Amino acid sequence: MPAISRRAAIAAALEAAGEAGVSGEALAADLGISRVAVNRHVASLRALGYEIESAPRVGHRLVSAPDACIPEEVSPRLTDPIWVACEGGPEVISTNDEAKRLARAGAPEGTAVVAAVQTGGRGRFGRAWVSPAGGAYVSCVLRPRLAPQESAALALVAGVGAARALKALGVPVRVKWPNDLEAGGRKLGGVLVEMTADTDVIEWVVVGCGINVASRAHERGAAVREFCPDARAADVAAGVLDGIAGAYREFLPSGFEPLRAEYEAVLAVLGQDIAVSDATGSRVAEGVVTGVDADGALVLATPAGERRVHAGEVTLRR
Ligand code: BTN
């Protein structure tokens, strides 16, 4: 679990105390703060949607916690040792933008940013990523000691990590190269990787992932709840972050090769006749997908022989 805020610690203590509740005095002593400060934190938890009963001489009892991807709910659920901090809040412009800001300010590897709503979420190719309530929007700062050209596969590594988490929840997830997440042939989420590097070494990478947990705003999209009716946004968010951390750790010593077969097993377009377009919409390649290579490039069989594509957007030809 990362270092959590006092407010998150109070939420976790209330959750752990269950029906019995916990006294303000005990919370204050445990956290080394005053009872006035405890009351202030309890008030701010209520403002976030926590239903908390408070009574003199009895203390505070949690009635319900919000089903939302907020640091107070996500941070206690994170289990991978990589996590050192979990920032964000109920609404941010973009968790990737916030993670990039933190990375530039020197935030260490393992800094996560989560939000329940994004007002300026961004997708691949500079597109907007509509991010209403009912989603899990997460980003993290990584600092791999890699050359910039070795980072291309990181987008696929993140896809493997997110897919593991969704599979564990019972979602029949598939990945459309490089890392669109689909279920039932409909888009469920996506991954956006951004980085800064010197000429020969990466300074930081921000991996962002957005998953539709329960929103009906995406008319033609899929939602985790269709497959896992009890899924909570914070469980999805923590699972995806832990999944990304686990896949990243496997990737670091020997690259994408150890994860390649797992990626291909969930590759939605394997064996399909597809076209790949660049950011301007121009077609850059066509062919039948035979797999991905050890760098994460898409491998196509074409009439002119094998072709490898390193970037682009895939559409089915028939
Ligand atoms: C895509 O185009 O498929 C990638 C979408 C990535 C969206 C996520 S939501 C969390 C993070 N913050 C952003 O602004 N974008 C990514």
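The values are calculated or read from the model by the stated rules, or taken from the named source; none is laboratory data. Note that the structure is predicted; figures quoted are calculated from it, not measured. With ideal geometry, Cβ positions are generated from the backbone for all residues, glycine too; neighbour counts draw on all protein chains shown.
For the range 119-130, the criterion of being surrounded by fewer than 22 Cβ atoms within 10 Å (Cβ to Cβ), within 24 Å of residue 293 (Cα to Cα), within 11 Å of the ligand (Cβ to nearest atom) and of a type in the set (Phe, Trp, Tyr) is met by at least one residue.
Within the range 186-221, can you find the residues that are free of Cβ contacts under 8 Å to residues at least 60 places away in the same chain, of a type outside the set (Lys, Arg) and away from the ligand (no atom under 13 Å from the Cβ)? Scanning the range 186-221 gives 195, 197, 198, 199, 200, 201, 202, 219. Restricting the range 102-118 to residues that are in contact with a strand residue (DSSP E or B) (Cβ under 9 Å, 6 or more places away or on another chain) and over 16 Å from residue 71 (Cβ atoms), the residue that is farthest from the ligand (Cβ to nearest atom) is 108. For the range 55-97, name all the residues that are closer than 16 Å to residue 136 by Cα, in a strand (DSSP E or B) and of a type in the set (Gly, Ala, Ser). Selection gives 88, 89. For the range 29-67, a residue qualifies if it is among the aliphatic types (A, V, I, L, M) and over 23 Å from residue 86 (Cβ atoms), and the qualifying residues are 29, 36, 55, 58, 63. The one condition from (1) outside any loop (DSSP other than H, G, I, E, B); (2) at pLDDT 95 or above that residue 9 does not meet is (2).
Those residues that are outside any loop (DSSP other than H, G, I, E, B), surrounded by 20 or more Cβ atoms within 10 Å (Cβ to Cβ) and not acidic (Asp, Glu), I need them from the range 175-201; list them, please. Passing the criteria: 175, 176, 181, 183, 188, 189, 190, 191, 192, 193.
If you take the residues of the range 131-140 that are among the hydroxyl-bearing types (Ser, Thr, Tyr) and under 19 Å from residue 216 (Cα atoms), which of them is farthest from the ligand (Cβ to nearest atom)? Checking each candidate, the answer is 131. Within the range 224-243, the set of residues being surrounded by 21 or more Cβ atoms within 10 Å (Cβ to Cβ) and either of a type in the set (S, T, N, Q) or more than 24 Å from residue 50 (Cβ to Cβ) (or both) comprises just one member, 243.
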